[in-house]
1. Need one number: nm distance between label points at ARG556 and SER399, each 7 Å from Cα along Cα→Cβ, rounded to one decimal.
2. How much length is gained on full extension from SER237 to LYS358, taking 0.36 nm per residue of separation minus their Cα-Cα distance?
3. Please compute the contact order of region 445-521 in relative form: average sequence separation of alpha-carbon pairs under 8 Å and at least six residues apart, divided by the residue count, as a percent.
4. Scan around VAL465 for amide H atoms under 5 Å from its own, H built in the peptide plane at 1.01 Å from N, and keep only partners 5 or more places away or cross-chain.
5. Calculate the dipole size of region 150-190 relative to its Cα centre from +1 charges on Lys and Arg beta carbons and -1 charges on Asp and Glu beta carbons; express the result in debye to the nearest 20.
6. Any idea how far apart LEU297 and GLN490 come out in nm if each label point goes 7 Å out from Cα toward Cβ?
7. To test your reading of the geometry: what angle, between 0 and 90 degrees and rounded to tens, separates the Cα axis of helix 35-45 from the longest principal axis of the chain?
8. Give, in nm to one decimal, the length gained when the segment between GLN518 and ALA320 is fully stretched (0.36 nm per residue of separation minus the Cα-Cα distance).
Amino acid sequence: MLEELSIKDFAIIEMENIEFNKGFTVLSGETGAGKSILIGALSFLLGGKAELSQIRTGCSEASVTGTFFLDNREAEDWLSEHGIQTEDSRIILRRYLRDNGKSGAYIGSTPVTRTDLADFSSFLVDIHGQHAHQSLMKVSEHRKFLDSRAGLVSEVSAFTELYTKLVEKRKLLDSLNSSTFERERKIDMLQFAVNEISEARLEKGEDERLEEEENRLSSYEKLYGTVESIKTYLDGSDASILALLKKLKKDCSNAAGYDKSLSSLDSRLESAFYELSDINDEFVSYSEKLVYDPVHLSEIQERLSLIYNLKKKYASGVSAPLSEVFDYFERANAELEKLGAGSEGKEELEKQVKDLEKQVYLAAKQISEKRKAVSQKLSLEIQEILSKLGMKGARFEVSLKEKSGNDIEQKCGPYGMDDIEFMISANPGSPLLPLSKIASGGELSRVMLAIKTIFANNDPVGTLVFDEIDTGIGGEIAVEVGEHMKKLAQNRQIFCITHLASIAVYADNQIKISKAVQDGRTVSSVSPVTGEQRVSEIARMLSGEAMSDAALEHARSMLERYSH
């Protein structure tokens, strides 16, 4: 549920922070006041298209932030999969667009892509009308809605697991059925790789250790010369550091004999002398062990050459980590084990595939029959609602077509044997067309309203927005639309932009969008209306004369009749 929306410098909205409640909320206002801009800001927040024209004139950035209360398991699972945490079952979405074209989006405190934002927000909000955030316009979603309506979700999920098992068995059988030459050639290649890697007797981290040693031996002359130079500086002459420190220590001790306040400095000089003496001893010891061994260097280089060759063959390149070679070794062994089953397991595998084919076909057939039974009932229910919503003569049909193909695997997909799509004929005599072909925003919104009314208990999306719902309707039809909105809002948060008082009076909440000119610039403002303010707004929607006694009385009576 959308609890709060903050909009800054978006179109003609300068700064608005709006709190929303549960139930049915109507957005009203005069034509051009910015009602659709408010929905546009929400659509932008949910991952809709970003355009520079959306930035308020004279501003450098537009931003929209929304707080959502989560009561959707799919949304919570999505966040969990992406490592994003909620706070008190709430999540904040934020998106911005700058005048240099740069944009960004956040879910919680995590930056996300526009694709991820749209993917996640599809669990939260559906916008129906002139905007494109519509799950029911996606043909892939039609199957989900139908299965949910038919109570087939768990059955289809079990079918998907069965189908996946069949596909895996078929792949293995295809591999076993490949030509003897091809199969043996593959076995030889894999066996060669396994043997080559095994014979190399590689150790984890060996390449890094050898490279360090090779670098040391290859740079022996420079290293030896540098160490000898250090030893000379430290204790190699009367002018060396240690010789000078010894003289300095003697003088400091004498001075401390005259002034005890210098004792601490004397101690520090003594510590420095012993520390540098110890360092010198370490370098002397290191120098004695530093031996140039061309034979050992050659052995190291030869070993590294072997490792690099294995990386070229079985990893992503010479610079790849040695772990990639080990990973290839494990995969090759696993595939050899499968191919090694040979003809011994082939007959058993063929039997398993045939059994699975029968199970898949019977399960798909059973699911298809249930879908057909529910689809017929669903078509009649939606047509009945559409008739009440001013679309008499409209026909709705759930198209179920058997997938094409010659065998079980081709005829069935992961979700059964049916291609499912919602079809509609908006006017008498017009042919049935895919739902996505409906041109009128008002017709589309009413179809969505009818479908959402029926699917209310099965659809996990908690917030629905209807734009242009009242296009071309009025009178009793508007009353029916309002009644349906009210009914749908019993289990959902519903937003509706409307010009019709007959719809607005059914709302639990009403928000008015106004437009004014400030300092020569047009600005939209958003505010909830209650009590007498709402009576005045309903009166304005009725007659355009908000302050006339007749309009006010009519508005008051309608609110008393329909708003409870």
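1. With each label point 7 Å from Cα toward Cβ, the separation is 5.5 nm.
2. Details: separation 121, 0.36 × 121 = 43.56 nm, distance 9.41 nm.
Residue separation times 0.36 nm, minus the Cα-Cα distance, leaves 34.2 nm.
3. In percent, rounded to a whole number, it is 34.
4. ASP126, ILE127, HIS128, PHE495
5. Working: 7 positive and 7 negative charges, 18 e Å.
About 80 debye.
6. Result: 8.9 nm between the two label points.
7. 30
8. 65.0 nm
The values are calculated or read from the model by the stated rules, or taken from the named source; none is laboratory data. Not measured: the values here are computed from a predicted model. Cβ coordinates were reconstructed from backbone atoms using ideal geometry, including for glycine residues, and neighbour counts include every protein chain displayed. In case anyone asks, the SASA skips ligands and DNA or RNA and just uses the protein heavy atoms, side chains included. Shrake-Rupley method; radii C 1.70, N 1.55, O 1.52, S 1.80 Å.
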